[in-house]
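Chemist: One structure, as structure tokens, below. Some questions next.
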Amino acid sequence: MLLFFWRASLLLVFPLIILLYMRVADLPFSTVDDGVNHHKWVIIAAYLVYVVFWVIVNRTLSRLLRRRGRR
């Protein structure tokens with residue numbers, strides 16, 4: 001079950017990043033949606049940082065789980 005949520009986090013984190021950005025920047029969704037592209041680039045950059053983090057951690061977890069499975 002945890003593995004499912006770990007994999008699904010790639011999809012679930014995007015709306016959370018948008019909500020967090022709106023909360024921190026104190027912007028309504030309509031401003032983020034219709035507004036300047038700057039807001040969209042910040043959100044996409046934050047998501048790409050998460051994807052890179054996810055890939056690095058996923059490799060480490062995969063190796064760890066494979067080693068545990070061999071014992």
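Chemist: Hey, what number do you get for the chain at 222 nm if only DSSP H runs of n ≥ 4 count, each worth -39500 (n - 2.57), divided across all residues, to the nearest 500?
Modeler: It comes out at -31500 deg cm²/dmol, rounded to the nearest 500.
Chemist: Fully extended, how many nm does the chain gain between LEU20 and ARG67 (0.36 nm per residue separation, minus their Cα-Cα distance)?
Modeler: Taking 0.36 nm per residue and subtracting the Cα distance, the gain is 13.3 nm.
Chemist: A further question on this structure: Carbon-plus-sulfur fraction of the accessible area of the chain, 1.4 Å probe, in percent?
Modeler: 69
Chemist: Normalized C-alpha radius of gyration of the chain, against 2.2 N^0.38 Å?
Modeler: 1.46
Chemist: Continuing with the same structure: Against the longest alpha carbon principal axis of the chain, how many degrees, from 0 to 90 and to the nearest 10, is the axis of helix 2-25 turned?
Modeler: The angle comes out at about 20 degrees.
Chemist: With every protein chain present, what is the per residue accessible area of the chain (1.4 Å probe, Å²)?
Modeler: 84
The values are calculated or read from the model by the stated rules, or taken from the named source; none is laboratory data. Computed from a predicted structure; not experimentally measured. All accessible areas refer to the heavy atoms of the entire protein, side chains included, with ligands and DNA or RNA removed. Shrake-Rupley method; radii C 1.70, N 1.55, O 1.52, S 1.80 Å.
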